[in-house]
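Written below as structure tokens is the structure these notes are about.
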């Protein structure tokens, strides 16, 4: 299971996405999901349409959810 990065493309949250992309982590070790910070809704991925507050109760982006150790 890969770590999950929740970001917004129009804020400082994009810097973490860009860094992970440039490092080649997106798709291999990190799954990236876009969030609409105005409505606090997840826009992409399997949780699309759900409240971002379920991921991060403070509603801040970026948010990184670490993968469970196996």
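Numbers for the structure displayed
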item	result
Residue count, region 29-38 (criterion: within 14 Å of residue 8 (Cα to Cα) and either assigned to a loop (DSSP other than H, G, I, E, B) or in contact (Cβ under 8 Å) with a residue 40 or more places away in the chain (or both))	2
Given (1) surrounded by 13 or more Cβ atoms within 10 Å (Cβ to Cβ); (2) at pLDDT 95 or above, index of the condition residue 48 fails	(1)
Residue under evaluation residue 30, criteria (1) more than 14 Å from residue 4 (Cα to Cα); (2) crowded, with 17+ Cβ neighbours inside 10 Å, criterion not met	(1)
Members of region 39-70 that are over 16 Å from residue 3 (Cα atoms) and either in a loop (DSSP other than H, G, I, E, B) or out of contact with any strand residue (DSSP E or B) (no Cβ under 9 Å at 6 or more places or on another chain) (or both)	39, 40, 43, 48, 49, 50, 53, 57, 58, 59, 60
Any hit, region 4-23, residues being in a loop (DSSP other than H, G, I, E, B), crowded, with 16+ Cβ neighbours inside 10 Å and more than 11 Å from the chain's Cα centre (by Cα)	no
Count of residues meeting criterion [closer than 20 Å to residue 11 by Cα and either under 12 Å from the mean Cα position of the chain (by Cα) or surrounded by 11 or more Cβ atoms within 10 Å (Cβ to Cβ) (or both)] in region 51-70	12
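The values are calculated or read from the model by the stated rules, or taken from the named source; none is laboratory data. Given the structure is predicted, the values throughout are model-derived calculations rather than measurements. Cβ: placed from backbone, ideal geometry, glycine included. Neighbour counts: every protein chain shown.
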